[in-house]
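The values are calculated or read from the model by the stated rules, or taken from the named source; none is laboratory data. A quick note: this is a predicted structure, and the numbers were derived from the prediction, not measured. No Cβ is skipped: glycine too gets one built from the backbone with ideal geometry, and neighbour counts run over all protein chains shown. SASA here: full protein model, heavy atoms, side chains in, ligands and nucleic acids out. Shrake-Rupley method; radii C 1.70, N 1.55, O 1.52, S 1.80 Å.
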Amino acid sequence: MKAEEFVNLHADDTRGYCACIIDKKGNIFECPKGHLEALFDLDGVHDTLSSIPDNVSPLFYMIEKTGAVVVDYENQVYDHDLTQEQRYALIALGDHHLILANPKNIHANIYL
């Protein structure tokens, strides 16, 4: 869903928690089963786990593979550069107090 839809859906949410991922096009996907499962769903290849090197975090690997931003209330984790659409989505979430704007580029931490 687009950021505006996500914001409207969670406008009255009192949990103070915004677990989601944002794809390269700025679409937001909720993570009811966790960020890693949502990244696998976004990737569409569910046997990826077996191909992840032992010395690499599966979460970081999938962030790099999909180009998605992993979002929770306090941090937003991404690899390389954010797309303009991802930036707009993060701004919308921050403007509506669903996240604390704190993007973290993990590119230097991934060695594939």
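A few comments on the model shown:
- Share of alpha-carbon pairs per 5 Å distance bin for the chain, given as whole %: 2, 13, 24, 25, 18, 10, 5, 2, 0
- Cα long-axis angle, helix 84-95 against the chain (0 to 90 degrees, to the nearest 10): 50 degrees
- Here the dipole of the chain is about 160 debye; that uses its Cα centre as origin and unit charges on the Cβ of Lys and Arg (positive) and Asp and Glu (negative).
- Shown are Asp12, Asp54, Asp95, whose ranking by accessible area with a 1.4 Å probe and every protein chain present, most to least, is Asp54, Asp12, Asp95.
- Each DSSP beta bridge with both residues in the chain is either parallel or antiparallel, and the antiparallel ones are about 75%.
- Figure note: Val45, Val7 ranked by solvent-accessible area, largest first, 1.4 Å probe, ligands and nucleic acids not counted: Val45, Val7.
- Fraction of accessible area attributable to carbon and sulfur, the chain (%, probe 1.4 Å): 51 percent
- Size of charge dipole - segment 39-91 - debye, nearest 20, with Cβ of Lys, Arg +1 and Asp, Glu -1, no other charges: 100 debye
- Diffusion coefficient (Stokes-Einstein, Kirkwood radius over C-alpha pairs, 20 °C, 1.002 mPa s) for segment 1-54: 171 µm²/s, rounded to a whole number.
- Rounded accessible area per residue of segment 1-68, 1.4 Å, Å²: 59 Å²
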